[in-house]
Amino acid sequence: MRIEQDDSGLDQPGEPGYRQRAAATKRERTRSALVQAASRLLGQGGEVNMRDIAREAGVSVATAYHYFDSVDDVAASFYFGLFEFITGDLYVIRPDPVGIIREYLHEIANRLRRYPEAPLRIIELMGHHNPRSFEEGFVSAGVIHEPLTRMIAYGVQEGVFRQVEEYKVASYHLYALITLSRLSPTFFEQDVADMVMSQLMPTLQDS
């Protein structure tokens with residue numbers, strides 16, 4: 001689900017701040033090109049290095065290292081980005097918090113299924129994020145659980161869910177989703193999402 005961007009109000013050359021904004025746009029495009037290049041290469045399996053990613057993205061190795069410190073850094077940006085979700089339209093289409101969360105979990109399960117290596121790589125990357133404990137590392141990586149945390153907070157605000165520690169609940173159940181996707185590759189993604197949903201709702205709603 002994409003939100004269309006209106007380009008009619010974009011700055012034109014010669015307007016104040018145009019060069020700075022153009023440079024920022026170029027940086028974002030370069031960074032995105034590197035992440036997408038990494039996603040294609042990582043999806044093929046095998047060893048990948050920064051030179052491979054730079055070549056695939058059409059930039060120099062020096063440019064690649066300007067944006068990312070290592071292959072793991074690029075990989076984390078891609079895999080963790082799988083959990084991002086444009087929820088603006090979703091709140092209009094499904095104003096009920098339960099429906100929003102169900103659709104989100106199904107979407108994430110679908111994304112993980114499209115990239116079979118993703119669950120294991122996320123576990124590995126989170127281990128690097130916090131070597132002592134994957135669970136602690138997962139909780140501290142707000143980029144992963146932040147969308148679901150917002151959805152749970154919305155349900156609390158609407159009076160549909162009881163008061164909980166939103167980020168901990170979100171972290172735990174996304175961890176379960178990743179683990180199930182990794183350990184149960186023969187399950188349909190809908191089944192994985194529904195299993196997590198069946199665990200999550202009793203935590204959020206009074207019986």
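The values are calculated or read from the model by the stated rules, or taken from the named source; none is laboratory data. Owing to the predicted nature of the structure, the values given are computational and were not obtained by experimental measurement. Don't worry about glycine lacking a Cβ; one is built from the backbone with ideal geometry, like all the others, and counts go over all protein chains shown.
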Filter segment 42-77 for residues that are β-branched (Val, Ile, Thr), in contact with a Leu (Cβ under 8 Å, 6 or more places away or on another chain) and crowded, with 18+ Cβ neighbours inside 10 Å and give the result. VAL48, ILE53, VAL74
Only helices (runs of 4 or more DSSP H) wholly contained in segment 96-207 count here; list those with 2 or more residues that are of a type outside the set (Asp, Glu), at pLDDT 85 or above and under 13 Å from PHE83 (Cβ atoms). 97-114, 142-157, 166-183
